[in-house]
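> Sharing a structure below in structure tokens format, with a few things to ask.
The values are calculated or read from the model by the stated rules, or taken from the named source; none is laboratory data. Because the structure is a prediction, the values reported are computed rather than measured. Cβ atoms come from the backbone with ideal geometry, glycine included; neighbour counts cover every protein chain shown. Areas reflect the complete protein model, heavy atoms only, side chains present, ligands, DNA and RNA absent. Shrake-Rupley method; radii C 1.70, N 1.55, O 1.52, S 1.80 Å.
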Amino acid sequence: MLDSIVDNLPVGVFVKDMEADGLYVLFNEACGAIVGRDPFDVLGQSDRILFDDKQTAIFRSQDAKALMAGATISFEETMQRTDGVPRILRTVKRALPEPEGRTPRYLLGISQDVTEERSVEARLAYMAMHDALTGLPNRAFFADHIQTAARGANAENPLALLYLDVDHFKHINDSKGHAAGDALLCQVASRLTRLIGNNDIVARLGGDEFALLLRLDGREAVECFAERLLKALSVPFDLDGANEHVTCIIGIAIAPEHADDDDVLMRHADLALYAAKESGRSTYRFYRSEMRLEAERRHLMIVELHDALLKGQFELHYQPIVQLDDDGIAGFEALIRWHHPTRGLIPPMDFIPIAEETGLIVPIGEWVLREACGAAATWPGHLKIAVNLSVCQFRHSKLLSTVVAALNDTGLRPDRLEIEITESVFLADVEQSLPLLRALKELGIRIAIDDFGTGYSSLSYLRAFAFDKIKLDRSFVAGIETDPGNLAIVRAVVGIGSGFNATTLAEGIETEEQLQSLRAEGFGEVQGYLLGRPMPLQEAEALIYRGTDSPVSLSKC
Ligand code: C2E
Ligand code: MG
Ligand code: MG
């Protein structure tokens with residue numbers, strides 16, 4: 001019965017007779033499975049016969065230790081099974097007690113095969129430190145490593161940290177699918193790996209962010225490396241047979257020149273990356289102390305922007321839009337201004353981008369909509385109000401209900417509201433933006449494409465969505481008299497407008513000559529300083545109601 005119990009134990013149990021050269025006197029089934037032998041062949045044999053010299057020596061030294069210790073010893077060991085496959089064993093050994101203080105004769109061993117356990121553990125440890133997609137070290141690995149690396153950096157032995165970002169990666173992911181996005185990241189990873197030295201590290205920090213830690217001597221060497229990197233990444237990527245060009249940006253900080261601790265080094269590389277991103281093209285930037293000041297300024301502005309809405313520091317100015325068939329006012333464009341308590345009037349371009357980055361544009365945009373609709377609702381019924389919406393508002397699921405609520409609460413007829421968007425709305429996420437635009441249009445709201453001709457100028461979105469109005473960017477108006485290229489574009493836009501049945505508007509009219517040319521080319525509407533600057537509500541209303549109850553045309557002003 002005892003034999004049967006011992007043979008059915010899930011762990012290997014063996015007993016050696018130490019007075020007879022360590023011959024096995026007990027060797028259960030599980031032990032046989034571990035070493036790959038029939039237990040009957042093992043009984044009566046010693047390690048010397050069963051294993052090679054090296055393995056025998058190891059076993060014997062452990063046996064000696066157990067005998068000397070007079071207690072249980074436990075350890076992990078690697079051994080080769082008879083078929084040559086290495087196994088990891090967790091073993092405990094102890095001498096069996098003899099009566100009356102006699103020298104122990106029998107040695108009991110219990111062994112467990114922990115090979116699978118250990119390999120799962122090793123795999124988990126690897127996965128915890130590596131990125132599953134690219135196989136590169138991940139953020140945790142990088143965080144571990146940069147700490148020691150930064151501490152070890154000195155003037156003779158500097159450390160360069162490069163943050164690399166694939167610009168507009170989200171766009172590729174959204175437009176080409178996640179498989180293409182994954183393929184792109186893997187190709188970027190392998191190009192980076194090929195360029196770095198043996199002691200350097202490249203890690204994927206997440207998304208489209210990579211970090212490189214390099215032991216390069218001197219700023220020139222880092223510059224040279226960054227250029228090689230950008231060159232390697234400028235070669236188009238193969239995404240399912242299609243060539244894809246991407247913009248890659250790099251921010252660089254060097255220890256100890258820019259920072260001597262890992263946290264500061266990372267923050268500074270991040271600031272440099274941010275500065276590189278601002279340039280809008282594939283480039284690299286080294287950290288400079290001005291970047292920190294700029295970041296502090298931005299941070300302060302974010303804090304103040306949070307307050308601005310609560311403290312009622314925003315105001316809308318209204319710029320007249322003139323229709324050229326009768327030179328009357330067609331409506332106004334609402335343009336936001338920030339009355340800063342110490343810095344005076346701040347133009348939108350100085351704070352809208354920050355509001356967009358922080359998501360504050362959502363509540364600010366909601367305020368703009370309500371304010372603008374509320375004002376327009378009191379005007380004569382033929383006047384329209386144009387409101388600029390930012391791409392971030394389109395990403396926010398509440399947009400449609402916000403617009404509906406603004407119309408309902410102010411009582412403005414939907415067809416009097418004109419929403420201006422730029423083509424970035426299409427770059428961001430077409431699948432989300434298009435249905436939203438269609439839903440807004442179905443409510444009767446007019447949709448205008450703003451700053452037409454700038455940005456990527458892909459014409460495909462004109463086919464994807466039936467815009468009610470095309471607003472030609474003012475940069476094309478500026479050189480219309482002198483630059484024949486601009487005139488050609490102006491004409492083409494009139495053609496596109498009539499082809500798509502959309503009103504054409506020219507922005508930024510500053511001179512009488514520009515007005516005459518655009519009139520001659522057949523534009524439907526114009527807007528610009530010549531016809532009226534953006535003005536406070538009171539002035540806009542004075543213009544609407546000047547002298548009479550009915551609106552007057554600008555040409556008669
Ligand atoms: P935009 O929508 O293209 O607005 C036209 C901009 O051109 C306005 O600048 C206006 O003052 C300016 N402008 C008008 N006529 C002329 C002209 O004859 N010459 C010149 N040089 N400029 C002219 P502003 O008010 O500084 O606004 C700049 C941009 O800020 C706007 O460009 C729009 O994209 C954004 N923006 C303004 N208000 C809002 C808002 O409430 N929400 C959002 N999301 N963006 C806004
Ligand atoms: Mg606009
Ligand atoms: Mg514009």
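> Carbon and sulfur atoms: what percent of the 1.4 Å accessible area of the stretch 183-294 do they account for?
Carbon and sulfur atoms account for 45 percent of the accessible area of the stretch 183-294.
> In square angstrom, rounded to the nearest 10, how much accessible surface does HIS340 have for a 1.4 Å probe?
Approximately 10 Å² of HIS340 is accessible to the 1.4 Å probe.
> Another question, if that's okay. Which distance in nm do the two modelled labels at ALA140 and LEU309 give, with both placed 7 Å along the Cα-to-Cβ direction?
3.7
> Related question: With all protein chains present, calculate the accessible area of PHE523 using a 1.4 Å probe and round the result to the nearest 10 Å².
Roll a 1.4 Å probe over it and PHE523 shows about 10 Å².
> Now for a different question. Using a/c under 1.5 as the rounded threshold, could you call the stretch 297-556 rounded, prolate or oblate? The axes a ≥ b ≥ c are square roots of the C-alpha gyration tensor eigenvalues, and prolate needs a/b larger than b/c, oblate otherwise.
The shape class here is rounded.
> Report the per residue volume, in Å³, of the convex hull enclosing the C-alpha atoms of the stretch 2-115.
98
> Using the Kirkwood radius over Cα pairs, work out the Stokes-Einstein diffusion coefficient for the chain at 20 °C and 1.002 mPa s, in µm²/s as a whole number.
Reported coefficient: 71 µm²/s.
> OK, next. Given labels modelled 7 Å from the Cα in the Cβ direction, how far is it in nm from GLU223 to THR82?
According to this spin-label approximation, the distance is 7.0 nm.
> Then there is this: Using the Kyte-Doolittle scale, find the helices of the chain whose mean hydropathy is at least 1.0 and whose Cα atoms extend 15 Å or more along the helix's long axis, counting only whole DSSP H runs.
Helices passing the filter in the chain: 399-410, 484-499.
> Once you place label points 7 Å from the Cα toward the Cβ at ALA20 and CYS186, how far apart are they in nm?
Here the answer is 6.1 nm between the modelled labels.
> So how do MET127, MET535 rank on accessible area, 1.4 Å probe, biggest first, that is with the largest at the start?
Heavy-atom accessible area, descending, gives MET127, MET535.
> Taking the Cβ-Cβ separation of GLU244 and THR342 as r and a Förster radius of 60 Å, what is the calculated FRET efficiency to the nearest 0.05?
0.80
> On full extension of the chain, what length is gained from ARG123 through ARG37, given 0.36 nm per residue of separation minus the C-alpha to C-alpha distance?
Roughly 28.0 nm would be gained on extension.
> Related question: With every protein chain kept in the model, how would you rank LYS176, LYS93 by accessible area, 1.4 Å probe, largest at the top?
LYS176, LYS93
> To check you understand DSSP bridge types, tell me what percent of the beta bridges within the chain (both residues inside) are antiparallel, rounded to 5.
75
> For THR482 and ARG519, calculate 0.36 nm times their separation in residues minus their Cα-Cα distance, and state this gained length in nm to one decimal.
Result for the pair: 11.7 nm of gain on full extension.
> Find, to one decimal place in angstroms, the Kirkwood hydrodynamic radius of the stretch 311-449, where the mean of 1/r is taken over every pair of different Cα atoms and then inverted.
It works out to 15.6 Å.
> Tell me, in nm to one decimal, what length is gained between ASN198 and ARG463 on full extension, where the rule is 0.36 nm per residue of separation less the Cα-Cα distance?
The ASN198-ARG463 span can extend by a further 90.3 nm.
> Evaluate the relative contact order of the chain (contact order divided by residue number), counting alpha-carbon pairs under 8 angstrom at least 6 apart; express in whole percent.
Over the chain, the number comes to 8 percent.
> Oh, and also: Shape verdict for the stretch 396-530, please, from the Cα gyration tensor: rounded (a/c under 1.5), prolate (a/b greater than b/c) or oblate.
Here the stretch 396-530 falls in the prolate category.
> Would you calculate a helix-derived [θ] at 222 nm for the chain, using -39,500 (n - 2.57) for each DSSP H run of n ≥ 4 and dividing by the full residue count, to the nearest 500?
That calculation yields -13500 deg cm²/dmol at 222 nm.
> If the cut-off is 18 Å between C-alpha atoms, which lysines fall inside it for LYS471, apart from same-chain ones fewer than 8 positions away?
Counting by Cα, and skipping residues close in sequence, LYS471 has these lysines nearby: LYS384, LYS441.
> Please calculate the 1.4 Å probe accessible area of LEU213, with all protein chains present, and give it to the nearest 10 Å².
The accessible area comes out at roughly 10 Å².
> Per residue, how much accessible area does the chain have with a 1.4 Å probe, in Å²?
It amounts to 49 Å² per residue over the chain.
> In Å, the Kirkwood hydrodynamic radius of the stretch 130-287 over pairs of distinct alpha carbons?
Every distinct Cα pair counted, the radius reaches 15.6 Å.
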